[in-house]
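What follows is a short report on a single structure.
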Amino acid sequence: MPRVKSSRSNPNKRPAQQGKSGFVRIISGQWRGRKLPVRDVEGLRPTTDRVKETIFNWLAPHIRGTRCLDLFAGSGGLGLEALSRYAEQVTLIEMDRGAAEQIRQNLTTLGSNQGQVIQADAVNWLQGPATPFDLVFLDPPFRRELLPQVCDLLEQRGWLTPDALIYLEREKEMADLPLPASWQLLKDKQAGQVCYQLYVREVNDEADI
């Protein structure tokens, strides 16, 4: 089973602490404009503000009151943005101890008790007892071939509500990604070498979910 040094490592990108990547910024919602520190973890690549703004424009009609899973949390930027926009609860999974601790500190800074940070390997964690989520963020380490296994576990082990939304970020060169048949593509964009997509899970009433 593959193990990675950080949750969003990409060998072709610089570590998060270089340039302007030493913090994440909340774009909108109750904490709009807040800047939060990012732990110095090799290879960490927070989702850019440009991409994040597009994602949450897509999600704007759906996010309030949802239960969210940020499976490869990294900086926590996606999960924290969801909380700022009034998601009901966000679970953030991050394998790196330092990065996980920084997310906890940022939640304390924001005064939020609606975020749960779990330090764990995402693949191992998904094989445990499941509670369904309404919205899942999937931004795994690039070039680790994690997405097929993770998507299958989400679908097969009961982690998704019948009409769950799944945000997926991946490298451009990844082709023919096998996804569950119930996942229907809603949005699809590209920024540089990164593709990002939004799917909805559609199951009929008779499906075993």
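The values are calculated or read from the model by the stated rules, or taken from the named source; none is laboratory data. Model, not experiment: these values are computed from the prediction. Glycine gets a Cβ as well: all are built from the backbone with ideal geometry, and neighbour counts include every protein chain shown. The area values use the complete protein model at the heavy-atom level, side chains included, leaving out ligands, DNA and RNA. Shrake-Rupley method; radii C 1.70, N 1.55, O 1.52, S 1.80 Å.
A few points about this structure:
- Segment 35-143, accessible area per residue, ligands and nucleic acids excluded (1.4 Å, Å²): 38 Å²
- DSSP bridge analysis restricted to segment 93-209 gives an antiparallel fraction near 70%, rounded to the nearest 5.
- When you count the other C-beta atoms within 10 angstrom of each residue and take the mean per peptide, 157-165, 93-101, 73-81 line up highest first as 73-81, 93-101, 157-165.
- If you sort V90, V200 by accessible surface, 1.4 Å probe, largest first, the order is V200, V90.
- Extension gain, R144 back to R157 (0.36 nm per residue minus Cα-Cα distance, nm): 2.5 nm
- About the Cα centre, charge dipole magnitude for segment 112-181 (Lys/Arg +1, Asp/Glu -1 at Cβ), debye: 140 debye
- Protein accessible area in segment 105-209, 1.4 Å probe - carbon and sulfur %: 42 percent
- Inter-probe distance in nm under a simple model that places probes 7 Å from Cα toward Cβ, at Q193 and D40: 2.5 nm
- Distance between the modelled labels on I118 and E202, one decimal in nanometres: 3.0 nm (7 Å Cα→Cβ projection).
- Ordering Y86, Y199, Y167 by accessible surface, largest first, gives Y86, Y199, Y167; the 1.4 Å probe counts only protein heavy atoms, with every chain in place.
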